[in-house]
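See below for the structure under consideration.
The values are calculated or read from the model by the stated rules, or taken from the named source; none is laboratory data. All of these numbers come straight from a predicted model, not from anything done at the bench. Methodologically, a virtual Cβ is constructed for each residue, glycine included, from the backbone with ideal geometry; neighbour enumeration extends over all protein chains shown. Surface areas here come from the heavy atoms of the whole protein model, side chains and all, with no ligands, DNA or RNA. Shrake-Rupley method; radii C 1.70, N 1.55, O 1.52, S 1.80 Å.
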Amino acid sequence: MGGNPVATFKFLGLTFSYVNIVSGLLASLVVFLLVFWLSRNLQLKPTGKQNVLEWIMDFTNGIVRGSISGDEASNYGLYAFTLFLFIFVSNQMGLFINIEGPSGDILKSPTADPIVTMTLALMTVMMAHFSGVSKLGFKEYFKSTYLSPFKFWLPISVFEEFTNFLTLGLRLFGNIFAGEMLLKTIGGFAFSNGITTVIFAIPLELLWQGFSVFIGSIQAFVFVTLTTVYISQKVQPEE
């Protein structure tokens, strides 16, 4: 993406990107270590870092309850919590530790690649369909999802499923990728004409980096919110 070559390898006939694997594993490790650290020495009366962990859990549980009512909400709390933290960390990575080598990117935001964001979207789609079939049974689920309110609604419903999948993944990718590209552009401009452009570019870089942190946080929230809305449509179809 963005004109940079990407180192890949093949496994079982599939092509994998080294930078996606390294970046994704690093983001997962950061999330694991963060949660591990925050969850040490849990107490009935939370203090300090336990308050932070419980605040994040309450925040993501609130997103789930906002879309899924009743006892169903508790089934997706952990998924929303894990998904939010992974996307949040992934969105911020490229802002602080974006590393480029002579042959291309070495480390960047995992979510700046459509393969990663579309994979996350596919996970949500698969979970939603599985949950709907598990609760309603295949026949009732198919009827409520694709043949409601009319039987001839089937082509439109199938097309809607496809567009929901695309927009869920591409929205996240587009925002993060655009933010990283602009940061690289500003960085290139900083060293284009000596000390004058460096002085001008530094506050611009800091301003956009702060704005990108905000955008990355919002996009994590939006992705999880749309995920819970999509799942709720499958497990709680409208009458």
Taking all protein chains in place and a 1.4 Å probe, what share, in percent, of the accessible surface of segment 38-81 do carbon and sulfur account for?
55
Which far-off residues, 5 or more places away or on another chain, put their amide H under 5 Å from the one on Ala7, with H placed in the peptide plane?
Tyr18, Val19
Just to be sure I understand: with springs between alpha-carbon atoms less than 10 Å apart, which residue in Phe86, Phe162, Phe32 has the highest mean-square fluctuation in the Gaussian network model of the chain?
Phe162
Rounded to the nearest 10 degrees, the helix 154-190 long axis (Cα) sits at an angle to the longest Cα principal axis of the chain of 10
Karplus-derived 3J(HN,Hα), 6.51/-1.76/1.60, for each residue of segment 131-146, Hz, glycine and proline x:
5, x, 5, 4, 7, 9, x, 4, 4, 5, 5, 4, 5, 6, 8, 10
For segment 124-187, what is the convex hull (Cα atoms) projected area averaged across all directions, in square nanometres?
5.4
Could you tell me which label, among [x] 18.6, 67; [y] 19.0, 58; [z] 20.9, 68, carries the value of Rg and Dmax of the Cα atoms in Å calculated for this structure?
[z]
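What does the highest-first list of 133-146, 167-180, 70-83 look like by mean Cβ count within 10 Å? Can you show the working numbers first?
Details: 133-146: 15.1, 167-180: 20.1, 70-83: 16.9.
Output ranking for 133-146, 167-180, 70-83: 167-180, 70-83, 133-146.
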Amide H contacts of Ile106 (H built 1.01 Å from N, under 5 Å, at least 5 apart or other chain)
Ile99, Glu100, Gly101
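What does the helix-only formula give at 222 nm for the chain: each DSSP H stretch with n ≥ 4 adding -39500 (n - 2.57), the total divided by the residues, and the result rounded to the nearest 500 deg cm²/dmol? List each step's numbers first, then the result.
Working: 7 runs with 170 residues, N = 239.
Rounded to the nearest 500, the figure is -25000 deg cm²/dmol.
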Skip the ligands, DNA and RNA, and give the accessible area per residue of segment 101-153 with a 1.4 Å probe, whole Å².
56
Roughly how many Å is it from the Cα centre of segment 110-127 to that of segment 61-80, as a whole number?
20
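Given a 1.4 Å probe, how much area per residue of segment 43-85 is accessible, in Å²?
Per-residue value: 59 Å².
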Using a Gaussian network for the chain with springs between C-alpha atoms less than 10 Å apart, which of these wobbles most: Val64, Val125, Val22?
Val22
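Using only alpha carbons, build the gyration tensor for segment 7-138 and give me the equivalent ellipsoid semi-axes, biggest first, whole Å.
Working: eigenvalues 183, 111, 25 Å².
Taking √(5λ) for each Cα gyration eigenvalue gives 30, 24, 11 Å.
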Using amide H atoms built 1.01 Å from N in the peptide plane, name the residues 5+ places from Ile68, or on other chains, whose amide H lies under 5 Å from its own.
none
Highest GNM mean-square fluctuation, the chain, Cα pairs closer than 10 Å: which of Thr15, Thr227, Thr119?
Thr15
